[in-house]
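The structure under discussion appears below in the form of C-alpha cells.
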Amino acid sequence: MGVRRPLLVTILAAVLLLCGCTAIDVPALDLPDLGEITVGPVPTPTGDAAAALATLPVKGRAPKTGYERDRFGQRWADVDRDGCDQRNQVLARDLTAVEFRPGTRDCVVLSGALLDPYTGEGVPFLRGQDTSADVQIDHVVALSNAWQTGAQQLDADVRELLANDVLNLLAVDGPTNGSKGDGDAATWLPPARGYRCAYVARQVAVKAKYGLWVTAAESEAIARVLRACPGEPLPASTVPSGLTG
C-alpha cells in the first residue's frame with residue numbers, strides 16, 4: 001500500500017519522543033499520493049491443454065541412468081497391427097502429393113511434400129539413402145525426456161506404445177529436428193511461433209496419456225506458451241491397441 005502523509009508525520013513524532021529530542025520544525029513534505037500499489041495475478045491459461053497441464057505432476061528430472069533407445073522396443077513397430085509400420089503411417093498422414101511403392105497396399109511412402117510445422121517451410125521427401133533424412137519423424141516428447149520423467153517406471157510394452165504412438169510422432173524438417181535433440185519446452189520450441197501452441201499441447205497430451213510428469217521449468221514454459229492461445233485444445237488421440245485412457 002502507498003505511504004500516507006499523516007502516517008509519516010506520526011512516525012516522525014514517535015521517533016522524537018523515543019530519542020528524547022527537542023521539538024524541531026519539520027518542514028512540510030510534498031509527497032505524491034501513491035495510492036494503492038497492487039500486483040495483478042499472472043494470467044492463467046485456459047482450455048483443454050491448460051487444464052491437462054494442471055493435472056500433470058511437477059517433479060525434478062530423474063537421472064538418465066539406464067536410458068537406451070532399445071528400452072522403448074522395436075523402432076517403428078506396427079503397434080496398431082494394420083500391416084503398415086508407424087514411420088510410413090506418419091509420412092502418409094503428414095505429407096501431401098504422396099506416392100507409394102507399388103505392391104505395398106499404399107504403405108511404403110516413396111515421395112511427397114511436407115509443409116514442415118516446425119519452420120513453416122516446404123520440404124520435399126524422396127525415399128533413398130541420401131535423401132530420406134531430409135524429412136524425419138520426431139518424437140514430440142523425446143524418448144530420453146520421457147525416460148527421465150516417468151517412462152522408466154512403465155512396462156516395456158507400454159514404452160513401445162509410447163515410442164510408436166502417432167500422437168507423439170510428427171514428420172518434420174530433418175536439420176530442425178536435429179537442433180531440438182532431446183530438449184523439452186523449457187529448452188526448445190519450434191522456430192515457427194504460430195505452431196508453438198499446438199506443439200506444447202501435443203506434449204501435454206502425450207505426458208497425460210502415459211502418466212509422465214513435467215519439471216517446474218517445463219511446466220512454466222508450456223503455461224507461458226498457452227497464455228498466448230486461450231482455449232487451445234488437446235490434439236485428437238488414437239489409442240494404440242493395449243492402452244486405454
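Worth pointing out:
- Any hit, the range 35-48, residues being among the charged types (D, E, K, R) and at pLDDT below 95: yes
- Qualifying residue in the range 207-219 (condition: acidic (Asp, Glu), assigned to a helix (DSSP H, G or I) and out of contact with any Gly (no Cβ under 6 Å at 6 or more places or on another chain)): yes
The values are calculated or read from the model by the stated rules, or taken from the named source; none is laboratory data. Quantities reported herein were computed from a predicted structural model and do not represent experimental measurements. With ideal geometry, Cβ positions are generated from the backbone for all residues, glycine too; neighbour counts draw on all protein chains shown.
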